[in-house]
């Protein structure tokens with residue numbers, strides 16, 4: 001429990017994808033409206049006293065300054081306070097964390113968290129992946145260290161140590177595309193086969209295109225409030241019972257290990273402690289599968305299975321819909337898409353719907369406790385949030 | 001009071017200026033070490049459980065991604081959580097606000113807030129001022145709307161309405177350079193005369209170079225903790241009794257007024273209410289004088305004087321050292337400098353020293369309540385923090 005109790009009472013997102021039909025502001029507004037609509041008119045927008053914006057790429061891709069006012073303006077929130085939180089791909093979950101602290105402090109009763117990103121306006125050669133090699137000012141930072149390369153290092157080590165096969169990685173992609181095909185808000189809704197993943201264009205050995213999440217436009221929003229007033233906004237509030245954030249070194253050559261990630265391991269341990277639960281208490285999880293291998297790392301870092309056993313655990317069907325702990329019922333980053341700043345917020349939207357039994361064809365039956373796992377950069381930051389049906 | 005009480009127990013900064021002798025990481029490390037040294041060994045760095053980083057220009061100027069790990073790495077903080085808060089020039093104060101909420105929520109006992117910016121590595125034509133005109137993705141945003149231009153609009157209106165003279169603006173610069181000459185950490189330590197301000201190179205009518213703050217490298221840090229344990233770290237804790245943040249429209253053509261700023265006015269009202277005080281209770285203030293006219297706007301927005309009377313109030317000597325409400329004893333942005341993300345944190349450092357009687361030659365005698373006023377962008381965001389000697 002965070003302070004005296006913080007609950008999620010509304011959630012909304014826009015369809016993720018190549019959204020040339022909507023600008024940055026329209027995506028943000030779409031998510032906000034969807035969240036309000038989900039509450040069936042029981043949340044007066046004027047009750048929202050403060051907001052947190054998660055968006056990552058304003059400066060880097062769009063050559064543009066971003067402030068909290070970037071959200072206040074399209075949503076007409078001013079003069080209300082809006083803070084921009086940025087923590088690479090983990091910014092959405094960290095924005096939820098900061099907003100939850102503000103509610104738990106007693107300063108605000110009702111707040112909004114909104115994540116938004118517009119990534120497909122640039123040609124591929126100017127995309128995040130291409131820019132990754134120039135993302136540090138330090139002269140000794142290896143040039144050309146793209147995101148696929150940074151995760152391929154883990155895959156290489158795990159395969160060489162005999163704990164994983166190339167086919168296990170492909171299976172993650174197959175599973176998540178199967179799940180995403182059931183999600184109307186997902187970007188890539190077409191199922192794929194193992195052969196298709198293995199045979200798709202190589203990106204960085206051993207990763208192929210279908211091991212990598214797509215560059216995506218999107219937005220997602222949640223409304224948080226003090227748990228003791230949550231029932232005035234919805235009949236089925238979902239309590240945010242824990243939030244753990246952790247950091248690790250930014251550089252591959254100073255990491256102490258591959259085949260595991262320290263920040264997610266620590267963030268999860270902190271979140272379990274705060275929630276007073278253990279990994280086996282989790283009923284459904286949204287994981288940061290920016291690359292197929294990242295989901296396998298997550299199973300181990302989060303304690304869903306023993307170290308070195310992620311491939312075995314996956315092959316047994318545990319992570320699939322109908323399994324013991326369905327992972328990424330939404331389709332995850334691989335199928336639903338990965339609009340950087342929006343991802344962590346959208347993960348919490350999915351958990352909100354799953355715990356309330358509103359996830360349609362992809363519903364995990366009887367889920368009462370859900371977890372989001374949101375990793376940033378080269379595993380240098382991770383935020384793990386845990387929610388429970390009240 | 002914020003929740004159950006949050007106090008500042010240590011503060012440190014590096015000398016602001018053209019710091020070609022130190023990189024981004026060295027500046028951050030310098031501020032952190034200075035804060036620890038200020039506590040005389042009574043703060044074990046391991047007691048710090050989480051941190052907030054304020055830095056604005058990574059993407060825009062340095063073409064680089066920034067995460068909380070950008071602070072965790074040079075300071076060796078990992079695996080501890082670090083959140084990056086960005087809210088343009090008001091990011092430093094908003095980082096303090098978010099860190100205070102986290103402490104008030106009961107989740108952390110001791111946290112660090114650090115602001116850092118490295119701005120002078122680029123030639124002037126690539127500086128923030130030159131880039132301002134491309135800072136929005138919206139096609140209808142006026143091109144060429146630089147920061148001096150945006151504040152010159154206010155000056156023009158105030159002068160035309162007869163509430164201000166060009167000489168009043170120059171007096172702000174003269175006063176703040178006089179104050180800054182007494183501050184070893186200030187960038188521009190040479191006093192200037194009214195004639196020098198009026199005769200310096202024109203930037204944007206009616207602003208001249210000496211009406212504008214210098215592009216600056218710098219870093220500043222504060223350690224916050226639960227008020228009930230503050231006495232274990234220092235004999236003179238300073239309580240953070242209020243934090244108000246507000247937003248306004250981002251664009252000049254949608255503003256409802258010039259010659260006043262809505263976001264600072266609202267942020268101040270919220271902070272006074274939270275603190276349970278009125279403007280006349282303030283003993284010392286650090287104001288956001290990015291341009292001379294901005295300090296005059298602040299006197300009115302903060303209620304230090306009546307609307308339209310800022311020039312009269314200034315000329316009577318109220319804002320000078322020895323006056324009724326000394327403003328910017330540190331030298332302010334005009335003399336001390338303005339490393340964007342560090343500014344709000346450095347303002348709180350100055351208030352911490354002033355309230356503890358540690359400000360040397362620039363000490364405001366008997367100050368017990370201090371205020372920081374930190375404005376972002378085109379007045380589109382403002383954070384007002386208030387602190388009191390415990």
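The values are calculated or read from the model by the stated rules, or taken from the named source; none is laboratory data. Values in this document were obtained by computation on a predicted structure and should not be read as measured data. Don't worry about glycine lacking a Cβ; one is built from the backbone with ideal geometry, like all the others, and counts go over all protein chains shown.
Just to verify a result, which residue in region B:71-92, among those that are more than 7 Å from chain A (Cβ to nearest Cβ) and not in a loop (DSSP other than H, G, I, E, B), is surrounded by the fewest Cβ atoms within 10 Å (Cβ to Cβ)?
Across region B:71-92, the extreme among qualifying residues is B:74.
Restricting attention to region B:365-390, which residues are at pLDDT 95 or above and either over 24 Å from residue B:259 (Cβ atoms) or in a helix (DSSP H, G or I) (or both)?
Hits for region B:365-390 are B:365, B:366, B:367, B:368, B:369, B:370, B:385, B:386, B:387, B:388, B:389.
Out of all the residues in region B:189-206, which are touching a residue at least 12 places away in the same chain (Cβ under 8 Å), surrounded by fewer than 22 Cβ atoms within 10 Å (Cβ to Cβ) and not in a strand (DSSP E or B)?
The answer is B:189, B:190, B:191, B:192, B:193, B:194, B:196, B:198, B:205, B:206.
Taking residue B:241 and the conditions (1) at pLDDT 95 or above; (2) closer than 22 Å to residue B:169 by Cβ, which numbered condition does it fall short on, given that it satisfies the others?
Result: residue B:241 passes all but (2).
Is region B:121-133 home to any residue that is crowded, with 24+ Cβ neighbours inside 10 Å and at pLDDT below 90?
no
What tally of residues in region A:232-275 results from selecting those that are surrounded by fewer than 17 Cβ atoms within 10 Å (Cβ to Cβ), touching a residue at least 40 places away in the same chain (Cβ under 8 Å) and either in contact with a strand residue (DSSP E or B) (Cβ under 9 Å, 6 or more places away or on another chain) or under 17 Å from residue A:90 (Cα atoms) (or both)?
Of the residues in that region, 2 qualify.
Pairs please, first residue from region B:96-107 and on the phi > 0 side of the Ramachandran plot and at the interface with chain A (Cβ under 7 Å from one of its Cβ atoms), second anywhere and at pLDDT 95 or above and not in a helix (DSSP H, G or I), Cβ atoms under 9 Å, 6+ apart in sequence or on different chains.
Final answer for the pair search is B:106/A:105; B:106/B:226.
Please specify each residue of region A:32-56 satisfying the condition of being surrounded by 18 or more Cβ atoms within 10 Å (Cβ to Cβ) and farther than 25 Å from residue B:91 by Cα.
Of everything in region A:32-56, those that are surrounded by 18 or more Cβ atoms within 10 Å (Cβ to Cβ) and farther than 25 Å from residue B:91 by Cα turn out to be A:34, A:35, A:36, A:38, A:43.
Within region A:213-230, identify whether any single residue is in a loop (DSSP other than H, G, I, E, B), in contact with a strand residue (DSSP E or B) (Cβ under 7 Å, 6 or more places away or on another chain) and free of Cβ contacts under 8 Å to residues at least 40 places away in the same chain, and answer yes or no.
no
Go through the residues of region A:8-19 one by one and say whether even a single one is more than 25 Å from residue A:376 (Cβ to Cβ) and crowded, with 24+ Cβ neighbours inside 10 Å.
Checked region A:8-19: at least one residue is more than 25 Å from residue A:376 (Cβ to Cβ) and crowded, with 24+ Cβ neighbours inside 10 Å.
If I ask for residues that are away from chain B (no Cβ under 12 Å) and part of a strand (DSSP E or B), which ones from region A:241-278 would you list?
Scanning region A:241-278 gives a single hit, A:241.
Filter region A:333-364 down to the residues that are more than 21 Å from residue A:38 (Cβ to Cβ) and either assigned to a helix (DSSP H, G or I) or free of Cβ contacts under 8 Å to residues at least 24 places away in the same chain (or both) and list them by number.
A:333, A:334, A:335, A:340
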